[in-house]
Amino acid sequence: MELEVCLFNSLRKYGAGAMVFPAYLPDGATVAELLRRLAVPAGEIYVAFRNGRSITPVLGKTPDLDTVLEQGDRVALSGPVPFSRGYGAPIV
């Protein structure tokens, strides 16, 4: 199946320079399998979305790795957003 993957913030380095790109996985693949294919450590993900809906139970915690993906899904992954709790207090 073909998915659309979007990588934001600190996770863009896993996209080989691309922010949005296709990924190909076997039918019934999970988020865990996608992360393995992309070599993205789950601990670096601050928030994850599947088709615009969060699959991260708590911001900054591991997303639901057992989420089954389907043909045409759009998966967006982001590291901590600058000036968010994930980065700590901003320095001005």
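The values are calculated or read from the model by the stated rules, or taken from the named source; none is laboratory data. Every value quoted in this text rests on a predicted model; they were computed, and no experiment measured them. Because the Cβ atoms are built from the backbone with ideal geometry, glycine has one as well, and the counts that use them run over all protein chains shown.
For segment 1-42, what are the residues that are of a type in the set (A, V, I, L, M), over 18 Å from Thr67 (Cα atoms) and in a helix (DSSP H, G or I)?
Of everything in segment 1-42, just one residue is of a type in the set (A, V, I, L, M), over 18 Å from Thr67 (Cα atoms) and in a helix (DSSP H, G or I), namely Leu11.
If only one of Val68, Val75 is touching a Cys at 6+ places or on another chain (Cβ under 9 Å), at pLDDT 95 or above and of a type in the set (Val, Ile, Thr), which one is it? It would help to see each step written out before you state the result.
Values: Val68 fails: touching a Cys at 6+ places or on another chain (Cβ under 9 Å).
Selected residue: Val75, the only one of Val68, Val75 that is touching a Cys at 6+ places or on another chain (Cβ under 9 Å), at pLDDT 95 or above and of a type in the set (Val, Ile, Thr).
Let's see how each residue does on (1) in contact with a strand residue (DSSP E or B) (Cβ under 7 Å, 6 or more places away or on another chain); (2) at pLDDT below 95; (3) more than 14 Å from Glu4 (Cβ to Cβ); (4) surrounded by 16 or more Cβ atoms within 10 Å (Cβ to Cβ):
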| site | (1), (2), (3), (4) |
| --- | --- |
| Pro22 | yes, no, no, no |
| Asp27 | no, no, yes, no |
| Thr30 | yes, no, yes, no |
| Glu44 | no, yes, yes, yes |
| Ile55 | yes, no, yes, yes |
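Hey, can you tell me all the residues within segment 43-73 that are in a loop (DSSP other than H, G, I, E, B), farther than 20 Å from Tyr24 by Cα and of a type in the set (Ser, Thr, Tyr)?
Of everything in segment 43-73, those that are in a loop (DSSP other than H, G, I, E, B), farther than 20 Å from Tyr24 by Cα and of a type in the set (Ser, Thr, Tyr) turn out to be Tyr46, Thr56, Thr62.
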